[in-house]
Amino acid sequence: MRIRYLLGLAAFALWPGLAQAQGQTTGDTSMQTTWDLYQVCSIPDTDPGYARAQAYCEGFLVAVVGYDYAISNRKNLREFVCEPMGTTGSQGIATFVAWAAAHQQDQKLMNESPVYGAVRALHAKWPCPQ
């Protein structure tokens, strides 16, 4: 529980930067849509920018989940993502990439904010109990 609290605080502190990043560029990649995030998160491990892309993707997903924790109070606002204890950043990335790959033909979903796509993907894998 303390980890969730700390992640929530970190995400809350980082949220303005995350929101700003949706219209700005990170290196040569613009983060405006779920498709953009998918392109970064799915870079092959043979690409020279792989480590940077994975770090960016993991940070983005951790911030999204942390924000979910921070705004939910379990009474009025429920959490959307309830990943099991011990879930790794790599598992989160793999979950998002698999979801995005399965939905890449859906222009409505792929043109949404990357925050929406991340929440949709992680919620599909780890929904919270009702």
Filter result for the condition that a residue is of a type in the set (Gly, Ala, Ser) and farther than 17 Å from residue 39 by Cα, over 102, 124, 94, 98 | 124
Pairs returned, first residue in the stretch 30-54 that is in contact (Cβ under 8 Å) with a residue 40 or more places away in the chain and at negative phi, second residue that is aliphatic (A, V, I, L, M) and part of a loop (DSSP other than H, G, I, E, B), beta-carbon separation under 8 angstrom, 6 or more apart or interchain, are 37/31
Residue count, the stretch 81-122 (criterion: hydrophobic (A, V, I, L, M, F, W, C), in contact (Cβ under 8 Å) with a residue 12 or more places away in the chain and either in a loop (DSSP other than H, G, I, E, B) or in contact with a Pro (Cβ under 9 Å, 6 or more places away or on another chain) (or both)) = 2
Any residue at all in the stretch 103-118 that is touching an Asp or Glu at 6+ places or on another chain (Cβ under 8 Å) and of a type outside the set (Gly, Ala, Ser)?
-> yes
Among residues of the stretch 47-80 being of a type in the set (Asp, Glu) and not in a loop (DSSP other than H, G, I, E, B), the residue surrounded by the most Cβ atoms within 10 Å (Cβ to Cβ) is 68
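Throughout, read-outs are computed from the coordinates displayed, never taken from laboratory work. Since the structure is predicted, the reported quantities are computational estimates derived from the model, not experimental observations. With ideal geometry, Cβ positions are generated from the backbone for all residues, glycine too; neighbour counts draw on all protein chains shown.
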